[in-house]
Amino acid sequence: MVIVMQKGAAPEARERVLNEVVSLGFTPHVSEGESRTLIGAIGPAPTEELREHLRALPGVETVVRITKPYKLASREFRHDDSRVLIGDVATGAGAFAVAAGPCGVESAEQLRGATDIARRHGARVLRGGAFKPRTSPYSFQGLGAEGLALLAAERERTGMPIVTEVTAPDLVETVAATADMLQIGARNSQNFALLAECGKAGKPVLFKRGLSTSIAEFLQAAEYVLSQGNPNVVLCERGIRTFETSTRFTLDISAVAVLKELSHLPVWVDPSHAAGRRALVPSLALAAVAAGADGIIVEVHPVPEEAKSDAAQQLDDAEFDALMTRVRAVAIAVGKQIDG
Ligand code: PEP
Ligand code: MN
């Protein structure tokens with residue numbers, strides 16, 4: 001349930017509600033809205049009597065039940081859009097963010113080239129996988145810790161915050177020591193141990209939808225991160241598996257609208273992994289912006305054809321330049337703030 005405090009309720013009233021909620025066996029999650037405080041109480045199904053009791057406390061306006069299985073992610077818990085900060089880059093609640101960089105970190109030179117492409121054309125966040133979840137065990141698996149060090153060096157050089165993937169629960173601490181945002185990949189979308197560990201790491205999370213995950217499953221999985229006390233989750237649609245074979249995955253553009261309807265969390269789109277080939281990336285990216293996404297994450301590479309992973313879908317300097325010009329125009333047209 002959510003306890004909605006009155007506008008301007010005294011801090012003591014809020015403390016009293018929090019104490020009451022805890023003593024009744026619920027876990028409280030406080031959300032500061034624009035004009036009032038909401039206290040989410042997660043726990044056993046509340047009875048009408050219990051809600052009446054809480055409703056009668058000083059400073060309480062009303063108590064509402066959250067009917068959705070995902071509680072903290074739902075708009076019933078928080079009506080206003082959430083804003084998440086990746087380093088100093090904002091996404092959500094009107095702020096549009098662009099992350100770009102290579103699929104995988106391959107070398108200092110390659111990463112520097114990709115970072116320069118990203119930065120030159122206005123991406124504010126640097127992406128790049130150090131730990132790569134590959135379908136085949138014989139494919140390039142990433143440089144691991146060495147890749148993290150190269151990412152840290154690029155942040156040092158450019159000031160760009162870093163989003164990079166963490167593939168296993170026992171790597172969360174290592175990756176979180178470098179990353180400004182932890183990425184949970186599509187193949188780990190229901191790795192609940194990993195999700196819970198990321199919830200404890202104190203870093204924002206870019207959470208990708210699984211290849212065959214329904215939106216209700218996706219939001220319930222996000223709840224594993226949120227319920228650990230980490231409110232900074234960005235949902236990312238990256239294409240789902242369908243019967244269609246002309247694209248790598250089918251970008252579910254309606255997921256953007258549905259997620260924004262059901263949840264207050266920022267929603268990003270990854271057009272690169274959905275498309276699977278560079279010619280299609282701009283159309284999918286622009287569709288995402290127009291549909292109301294709060295950000296995109298795009299793969300760029302100084303020499304895409306030499307990439308050790310996802311060579312067919314990475315954009316080069318000129319392609320990313322052209323895309324960003326159009327992304328800015330559409331973002332402004334739909335009323336988003338975009339830096340860079
Ligand atoms: C990635 O972004 O590097 C990646 C592997 O994406 P996904 O998990 O969406 O396949
Ligand atoms: Mn990739």
| note | For region 287-336, the count of residues that are of a type outside the set (F, W, Y) and part of a helix (DSSP H, G or I) equals 27
| In region 255-287, what count of residues is obtained for those that are within 23 Å of L226 (Cβ to Cβ) and either within 16 Å of ligand 1 (Cβ to nearest atom) or not hydrophobic (A, V, I, L, M, F, W, C) (or both)? | 12
| task | Would you mind finding the one in T158, T115, T91, T167 that is farther than 30 Å from A290 by Cα and among the hydroxyl-bearing types (S, T, Y)? | result | T167
| In this structure, does A13 turn out to be small (G, A, S), open to solvent by less than 30 Å² (accessible area, probe 1.4 Å), assigned to a helix (DSSP H, G or I) and farther than 25 Å from V334 by Cα? | yes
| request: Can you tell me which residue among A100, A95, A90 is within 16 Å of ligand 2 (Cβ to nearest atom) and in the same structural domain as Q141 (by TED's automatic domain parsing)? | output: A100
| Selected residue (only one of P161, P133 is modelled with pLDDT under 95 and either surrounded by fewer than 24 Cβ atoms within 10 Å (Cβ to Cβ) or under 27 Å from D339 (Cβ atoms) (or both)) | P133
| task | Identify, from the list A41, A56, the residue that is open to solvent by less than 10 Å² (accessible area, probe 1.4 Å) and not assigned by TED's automatic domain parsing to the domain that holds T164. | result | A41
| Taking into account only those residues within region 300-322 that are more than 15 Å from ligand 2 (Cβ to nearest atom) and under 15 Å from V105 (Cβ atoms), which is farthest from the chain's Cα centre (by Cα)? | V303
| task | Kindly state which helices (runs of 4 or more DSSP H) lie completely within region 128-212 and contain at least 2 residues that are closer than 20 Å to S309 by Cα, more than 14 Å from ligand 2 (Cβ to nearest atom) and not β-branched (V, I, T). | result | 145-158
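The values are calculated or read from the model by the stated rules, or taken from the named source; none is laboratory data. Nothing here was measured: the structure is a model prediction, and the numbers come from that model. We place every Cβ from the backbone using ideal geometry, glycine too, and count neighbours over all the protein chains shown. When the accessible area is computed, the model is the full protein with side chains, heavy atoms only, and any ligands, DNA or RNA have been set aside. Shrake-Rupley method; radii C 1.70, N 1.55, O 1.52, S 1.80 Å.
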